[in-house]
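Quick note: the coordinates plus some simple rules give every number you see, no bench work behind them. As the structure is a prediction and not an experimental result, all values here were calculated from the model. Cβ atoms come from the backbone with ideal geometry, glycine included; neighbour counts cover every protein chain shown.
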Protein chains: 2
Amino acid sequence: MIARFAAAAAALALLHSGPALADTLIDNIEGISVSREGKVTRFAGMVIGDDGRIVEILKRREKPSEPVDFHEDGKGRVVIPGMIDSHLHVMGLGLAQLSLDLTGTSSLEEALSRIEAYAKAHPDRPWIVGWGWNQEAWGLGRFPTAADIDAVVPDRPVWLTRVDGHAGWANSAALKAGNVDADTPDPEGGRIERIAGSAAPAGVLIDAASAMVDDKVPSPRPEDRDLALHEAQELLIRNGVTAVADMGTSVEDWMTFRRAGDLGRLRIRIMAYAGSVPDMLLIGGTGPTPWLYDDRLRLNGLKLYLDGALGSRGALLKAPYADEAGNTGLALLNGTQLRNLMSRAAMDDFQVATHAIGDAANAEVLGAIEELSQDFGGDRRWRVEHAQIVDPADLPRFGEHGIIASMQPVHQTSDRLMAEARLGQGRLEGAYAWNSMLEAGAPLAFGSDAPVEAPRPFIGMAAAISREDASGQPFGGWMPGERVTREQALAAYTAAGAFAGFAEGRFGQLKPGERADFLMIDRDPLLSGPGELRDTVILQTWIGGQKVYERGK
Amino acid sequence: MIARFAAAAAALALLHSGPALADTLIDNIEGISVSREGKVTRFAGMVIGDDGRIVEILKRREKPSEPVDFHEDGKGRVVIPGMIDSHLHVMGLGLAQLSLDLTGTSSLEEALSRIEAYAKAHPDRPWIVGWGWNQEAWGLGRFPTAADIDAVVPDRPVWLTRVDGHAGWANSAALKAGNVDADTPDPEGGRIERIAGSAAPAGVLIDAASAMVDDKVPSPRPEDRDLALHEAQELLIRNGVTAVADMGTSVEDWMTFRRAGDLGRLRIRIMAYAGSVPDMLLIGGTGPTPWLYDDRLRLNGLKLYLDGALGSRGALLKAPYADEAGNTGLALLNGTQLRNLMSRAAMDDFQVATHAIGDAANAEVLGAIEELSQDFGGDRRWRVEHAQIVDPADLPRFGEHGIIASMQPVHQTSDRLMAEARLGQGRLEGAYAWNSMLEAGAPLAFGSDAPVEAPRPFIGMAAAISREDASGQPFGGWMPGERVTREQALAAYTAAGAFAGFAEGRFGQLKPGERADFLMIDRDPLLSGPGELRDTVILQTWIGGQKVYERGK
């Protein structure tokens, strides 16, 4: 019977794109794993079981306790857990790979020349859709305008999302498609930039206003979505990211993930947070889904947006922006709405992850969590996403009720000058305050917010330990008291990221019983300076005991 | 390594609610299986493998070719393949179990007394929702009215769907909720019954008009849907149905099926046909899904509605209704719309199942299939659902292009008198023409249309071989030339039903390689008269080699 049984089990395993049916010893490695608190374990080998889980961790010269089927020589390379990106947008990242990319442009002229070239290269596309512009990086001193694009693409709609996703830049054809004209009022939670001295729209639509054009953009087809997920996975695996928290999962996104899972094409692990209560209920029904596809997919809960972003002055502040008198940002939910939505999720044990960037937004969500914790006890792991600008008086509140601070180190280096302009020097004490979060007792989970920033965890680690940007500025770090140690940074990208998504025990650490998700890299991240960290070379990426990426192959 | 491997495989198997990890011999049975064409195989035992598939079929006194782990004595009972219901509405059936059931009422007074009692028993429900009324069965000679219900439930909306699903009966509160008043025009594809000599709505809304109230009924919650699926599965398994074609699957339905599948609670096999193109694309994406959960779920394609039903005079006829001058029924799609939707599905290899009841609707879908077959070759298995009233001149066209006639035997016995009234005696030659379909070469798949009729395949078989109703009327059968043989009827409920859903080789027959889905029953259906067939007792139901129902347990 064994023969038939084995064949049946093999068929099952293949069906679910499961692990190889053999035990593998990987030895001669410089293995590193950290606990959620940053406690380091070093080891020299590991045995990976038939099911893709780690069976044994071996010290130097220690032998496996049972004979193994395969042996792989690690050639002395450094092995660390696969990185977990605790805040990104999987489909946004993938679709961005398929659209016009304006990141890295350093002037309006450069952006316009890319737009023109892209439109010429894609004459069949009824819309030109892109993303990644940042007028701050262009030194423009103003938002770009529809007229700017009209000069290079007048014939069809062009719609370009800002790098932070909180504003869109349209040409005249796109404004027309969105029915945005001088008579259109600003929608609640949004703003239409106007031509100076006129009611006519200038071209940029902020926060809720961008929906007017967004809604007119043709939806991607299922095959576009499948391709986008493939591209996102390729990019993530190449960058050493093996698991992610997907923030704002739509039903279409979820179906794309499932389609990949059903066909054995889901390789990364996705902890999903639905983009709305209806989507949450449609996907999860009565609560979080089970872990699917060998711990590769789970709907954990709900993503909420409480305010906008700092760059577009949509972040909700306690006092007006230093660079725009009277403006305190945009509340996307009022306090009652926030509490109602959080309750709706919590009553069915969905986890809640709330986007809060400004100090007023952070205070609001902290207040809501404090109130809701009366009714919803147990292990809730309330998440605050970004937690960028926090009133120092509010920082200790993060340590209560098990609140997780889900933060993105590279935002600090990208935003530094902008944050100084928006807030002024006196209000930066609680800005990107990673170390204060840890000291307050809040678990810290790091991510990239990709496609807002590239999903490159070693660049993030470098920022986290230095608060210097890629050029080493400012020397010694911006507000260096908020740096964290290498061990804390690695934990925030591994074990703490798993904990933030209820995945501890499944992945995030290299220890018996967890999935064998790991990287082989060319240096020891716990012995590297910021510059060295940025240059880390990922030699191999393994997920569930299977090699999914090898450099140069 | 074997021990750990076995444990891992066991975990996998449990995860997917798979088969017991052992081979089982069931012997001492009167085994029967039929091919799609009705060719009978008889056998005395079978071996079911670890994976729930049949390994071997044994003749009398034949021994298994390998030793088995378990042995079950069939005690001489008859074993037939699990029945496949090729046309029903799983969630409709389940939700109907949770709502007010008016089937079997024989007068308006009896219905009103049930409505009143139900409303009293459920004082907390903001709406009273029910189904199953049939004014024909009441001998009422008119549709019921809002005033009829108002007399017993005036305080909240009452909304009751007709037995065929093609009309709804509202009280005044429900009409008000739907904003249906004297000023409301008939919507396209629908009709508002009016009080005689007045424009005021009378209470019954036909076909598309019923959406006005339907849209106001509070949606079931996910937990209601889970319970409904559970109830539907219980009912089906008890009646010997192990697989179904779900006609008009919504995204909510699909998510409910997946939730059950993910949690190992999906027991029956569901071949799903999405209720709309957007739902089809959202669920399937680029084509039919893979077979999921060990062949328990697949999105096969798209369900289209071309016309209404005969009872509500919505079926589209070539000549006017005999009992309503000038009315030829309601076209829910025009020819161009039909072809566009069929093309959209076929271009991505989705199967198309089109509801066509009247002779004009059947001619239209046949014409569309003939045209589309030029562009979409290969094994398409175009399905016509119901194919109830067919112009005899069109019958031979069913044999071309592999068209499947998906028909419901009990509709014939339920509808006989109504069909005679609607059509007159001269136009019944192609009505419920099962044998003509087979003679034309069209594969015949039988179903119940549950919850329109009870999902009871042995009642259906009795109708199929006799064209007599449960009281034996009319003696000798209605248009007895359209009777089919017992073997053809059993094939239409098993192997041909699987073929109609691209499931041949997976289930539908008892032979090596197919899933072990079977019934133990108390008599031989191939040796039973209609009355005996109706009284068949289902002793056990097995799906995938697991006993899921045992009578009296």
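Here are the numbers for the structure shown:
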item: Entries in B:Lys63/B:Lys553; A:Lys120/A:Lys216; A:Lys303/A:Lys511 that, when Cα-Cα distance is taken, lie over 29 Å; result: B:Lys63/B:Lys553; A:Lys303/A:Lys511
item: Peptide ranges B:289-302, A:192-205 listed from the most packed, as the mean C-beta count within 10 angstrom indicates; result: B:289-302, A:192-205
item: Nitroxide proxy distance, nm - points 7 Å out along Cα→Cβ at B:Glu223 and A:Glu116; result: 6.2
item: Point-to-point label distance, A:Ala393-B:Glu62, nm (Cα→Cβ direction, 7 Å offset); result: 8.6
item: Segments A:399-408, A:471-480 sorted - mean Cβ within 10 Å per residue, highest first; result: A:399-408, A:471-480
item: Ordering of A:378-386, A:525-533 by packing [mean C-beta count within 10 Å, highest first]; result: A:378-386, A:525-533
item: Other copies of A:Ser471: label-to-label distances in nm, shortest first, labels 7 Å along the beta-carbon direction; result: 9.4
item: Relative contact order [Cα under 8 Å, 6+ residues apart], region A:127-215, whole percent; result: 27
item: Charge tally in the Cβ shell below 15 Å around B:Ser172, where Lys, Arg are +1 and Asp, Glu are -1, B:Ser172 excluded; result: -1
item: Centroid-to-centroid separation of region A:182-247 and region A:392-427 [C-alpha atoms, Å]; result: 24
item: Alpha-carbon centroid distance for the pair region A:449-479 / region B:253-298, whole angstrom; result: 44
item: Cα→Cβ-extended label distance, 7 Å offset, between B:Asp150 and A:Ser106, nm; result: 7.8
item: Cα centroid separation, region B:329-344 to region A:134-172 (Å); result: 42
item: Shielding by partners, peptide B:257-266 (average Cβ within 10 angstrom, other chains); result: 2
item: Residue-averaged beta-carbon neighbours from other chains (10 angstrom radius) around A:277-290; result: 4
item: Semi-axis lengths, Å, region A:51-204, gyration tensor of Cα atoms, sqrt of 5 times eigenvalues; result: 50, 17, 15
item: Over chain A, relative contact order from alpha-carbon pairs under 8 Å, at least 6 apart, %; result: 17
item: Ascending count of other beta-carbon atoms within 10 Å, so fewest first, for A:Phe518, A:Phe70; result: A:Phe70, A:Phe518
item: Dipole in debye (nearest 20) - region B:127-215, about Cα centre, beta carbon charges: Lys, Arg +1; Asp, Glu -1; result: 200
item: Label point 7 Å beyond Cα along the C-beta direction, distances from B:Glu371 to other copies (nm, shortest first); result: 6.0
item: Partner chain coverage, peptide A:50-62 - average Cβ within 10 angstrom; result: 1
item: CD proxy at 222 nm, helix term only [per DSSP H run n ≥ 4: -39500 (n - 2.57); per residue of chain A; nearest 500]; result: -9000 deg cm²/dmol
item: Counted charge near B:Pro474, where neighbours are those whose Cβ lies closer than 14 Å (Asp, Glu -1; Lys, Arg +1); result: -2
item: For region A:37-154: relative contact order, % (alpha-carbon pairs under 8 angstrom, 6 or more apart); result: 19
item: Environment charge of B:Pro220, counting only residues whose C-beta is closer than 10 Å and scoring Lys/Arg +1, Asp/Glu -1; result: -2
